[in-house]
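Peer 1: My questions will all concern the structure given below.
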Amino acid sequence: MTSIDFYTGADDPLDVAARIVAKAWRQHGHVRVLTPDTATTDALDRRLWTVPATGFLPHCRLASPLAAQTPILVRSRPGWSSVP
(Lines give C-alpha, C1' and ligand atoms only; values in the text may rest on other atoms or scores of the structure.)
Protein backbone atom coordinates (compact mmCIF):
# COMPACT_ATOMS: atom_id res chain seq x y z
CA MET A 1 0.00 0.00 0.00
CA THR A 2 1.24 3.48 -0.82
CA SER A 3 1.74 5.87 2.06
CA ILE A 4 2.55 9.56 2.14
CA ASP A 5 4.04 11.24 5.20
CA PHE A 6 4.72 14.93 5.70
CA TYR A 7 7.56 16.22 7.88
CA THR A 8 7.77 19.93 8.66
CA GLY A 9 10.05 22.15 10.71
CA ALA A 10 13.20 20.06 10.29
CA ASP A 11 16.52 21.83 10.91
CA ASP A 12 18.10 19.90 8.01
CA PRO A 13 15.39 18.74 5.58
CA LEU A 14 17.86 16.84 3.38
CA ASP A 15 19.14 14.85 6.34
CA VAL A 16 15.57 13.94 7.29
CA ALA A 17 14.79 13.02 3.68
CA ALA A 18 17.87 10.79 3.41
CA ARG A 19 16.98 8.98 6.63
CA ILE A 20 13.38 8.48 5.49
CA VAL A 21 14.57 7.15 2.13
CA ALA A 22 16.88 4.69 3.92
CA LYS A 23 14.06 3.52 6.18
CA ALA A 24 11.59 3.16 3.31
CA TRP A 25 14.11 1.20 1.24
CA ARG A 26 14.76 -1.21 4.12
CA GLN A 27 11.02 -1.70 4.65
CA HIS A 28 9.76 -1.79 1.07
CA GLY A 29 12.71 -2.50 -1.21
CA HIS A 30 12.08 0.46 -3.51
CA VAL A 31 11.58 4.21 -3.16
CA ARG A 32 10.65 7.03 -5.53
CA VAL A 33 11.58 10.58 -4.50
CA LEU A 34 10.26 13.71 -6.18
CA THR A 35 12.12 16.93 -5.37
CA PRO A 36 11.00 20.48 -6.15
CA ASP A 37 14.02 21.39 -8.31
CA THR A 38 17.30 20.22 -9.78
CA ALA A 39 19.39 21.81 -7.02
CA THR A 40 17.52 19.82 -4.37
CA THR A 41 17.88 16.65 -6.44
CA ASP A 42 21.63 17.24 -6.71
CA ALA A 43 21.93 17.85 -2.96
CA LEU A 44 19.87 14.77 -2.08
CA ASP A 45 21.87 12.67 -4.53
CA ARG A 46 25.10 13.70 -2.77
CA ARG A 47 23.53 13.08 0.65
CA LEU A 48 22.42 9.56 -0.29
CA TRP A 49 26.08 8.66 -0.86
CA THR A 50 26.86 9.45 2.79
CA VAL A 51 23.69 8.72 4.82
CA PRO A 52 23.76 6.38 6.56
CA ALA A 53 27.43 6.83 7.36
CA THR A 54 28.05 3.07 7.45
CA GLY A 55 26.21 2.13 4.28
CA PHE A 56 25.28 2.97 0.74
CA LEU A 57 21.80 3.60 -0.62
CA PRO A 58 21.61 2.29 -4.21
CA HIS A 59 20.07 5.18 -6.09
CA CYS A 60 20.10 7.03 -9.38
CA ARG A 61 18.14 9.62 -11.32
CA LEU A 62 14.94 8.52 -13.01
CA ALA A 63 16.48 9.36 -16.42
CA SER A 64 19.50 7.09 -15.83
CA PRO A 65 19.92 4.01 -18.03
CA LEU A 66 20.20 2.06 -14.75
CA ALA A 67 16.82 3.23 -13.41
CA ALA A 68 15.06 -0.06 -14.19
CA GLN A 69 17.58 -1.94 -12.01
CA THR A 70 17.93 0.61 -9.19
CA PRO A 71 15.67 0.48 -6.12
CA ILE A 72 15.85 4.19 -5.22
CA LEU A 73 14.98 6.74 -7.90
CA VAL A 74 15.29 10.49 -7.49
CA ARG A 75 13.71 13.02 -9.84
CA SER A 76 13.12 16.76 -9.78
CA ARG A 77 9.94 18.36 -10.93
CA PRO A 78 10.77 21.88 -12.11
CA GLY A 79 8.06 24.32 -11.21
CA TRP A 80 6.65 22.03 -8.53
CA SER A 81 7.32 24.51 -5.74
CA SER A 82 5.19 27.11 -7.53
CA VAL A 83 2.13 24.84 -7.78
CA PRO A 84 -0.52 25.98 -5.29
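The values are calculated or read from the model by the stated rules, or taken from the named source; none is laboratory data. In this text the structure is predicted, and so the values were computed from the model without any measurement. No Cβ is skipped: glycine too gets one built from the backbone with ideal geometry, and neighbour counts run over all protein chains shown. Areas reflect the complete protein model, heavy atoms only, side chains present, ligands, DNA and RNA absent. Shrake-Rupley method; radii C 1.70, N 1.55, O 1.52, S 1.80 Å.
Peer 1: To the nearest 0.05, how large is the calculated FRET efficiency for Gln27 and Ala63 if R₀ is 25 Å and r is the Cβ-Cβ distance? Show your work: numbers first, answer last.
Peer 2: Working: r = 26 Å, r/R0 = 1.03.
With R0 = 25 Å, the Cβ-Cβ based efficiency is 0.45.
Peer 1: Give me the extension gain from Ala53 to Leu14: residue separation times 0.36 nm, minus the current Cα-Cα distance, reported in nm with one decimal. It would help to have the intermediate numbers written out before the result.
Peer 2: Numbers: separation 39, 0.36 × 39 = 14.04 nm, distance 1.44 nm.
So the extension gain works out to 12.6 nm.
Peer 1: OK, next. Pick from Val51, Val31, Val16 the residue whose mean-square fluctuation is largest in a GNM of the chain, springs joining Cα atoms under 10 Å.
Peer 2: Greatest mean-square fluctuation among the candidates belongs to Val16.
Peer 1: Can you pull out the chymotrypsin sites (Phe, Trp or Tyr not before Pro) in the stretch 1-82 that DSSP calls coil and that have at most 12 other Cβ atoms within 10 Å?
Peer 2: Numbers: sites: Phe6, Tyr7, Trp25, Trp49, Phe56, Trp80; in loops: Phe6, Tyr7, Trp49, Phe56.
For chymotrypsin sites (Phe, Trp or Tyr not before Pro) across the stretch 1-82 that sit outside H, G, I, E and B with at most 12 neighbouring Cβ atoms in 10 Å, the list reads Phe6, Tyr7, Trp49, Phe56.
Peer 1: Once the other residues with Cβ under 10 Å from the Cβ of Thr35 are scored (Lys, Arg +1; Asp, Glu -1), what is the net sum?
Peer 2: Once all neighbours under 10 Å are counted, the net charge is -1.
Peer 1: Shape call for the chain from the C-alpha gyration tensor, a ≥ b ≥ c root eigenvalues: rounded (a/c under 1.5), prolate (a/b greater than b/c) or oblate? Don't skip to the answer; put the middle values down first.
Peer 2: Values: a/c = 1.36, a/b = 1.15, b/c = 1.19.
It comes out rounded by the Cα gyration axes.
Peer 1: Using only helices, what value at 222 nm comes out for the chain when you add -39,500 (n - 2.57) per DSSP H run of length 4 or more and divide by the total residues, to the nearest 500 deg cm²/dmol? Please list the in-between numbers first.
Peer 2: Numbers: 2 runs with 27 residues, N = 84.
Theoretical 222 nm ellipticity from helices: -10500 deg cm²/dmol.
Peer 1: With the other protein chains left in place, how much accessible area per residue, in square angstrom, belongs to the chain at a 1.4 angstrom probe?
Peer 2: Details: 6050 Å² over 84 residues.
Accessible area per residue: 72 Å².
Peer 1: Here is a further query. Write down the percent of antiparallel bridges among all DSSP beta bridges whose residues are both part of the chain, to the nearest 5.
Peer 2: 0
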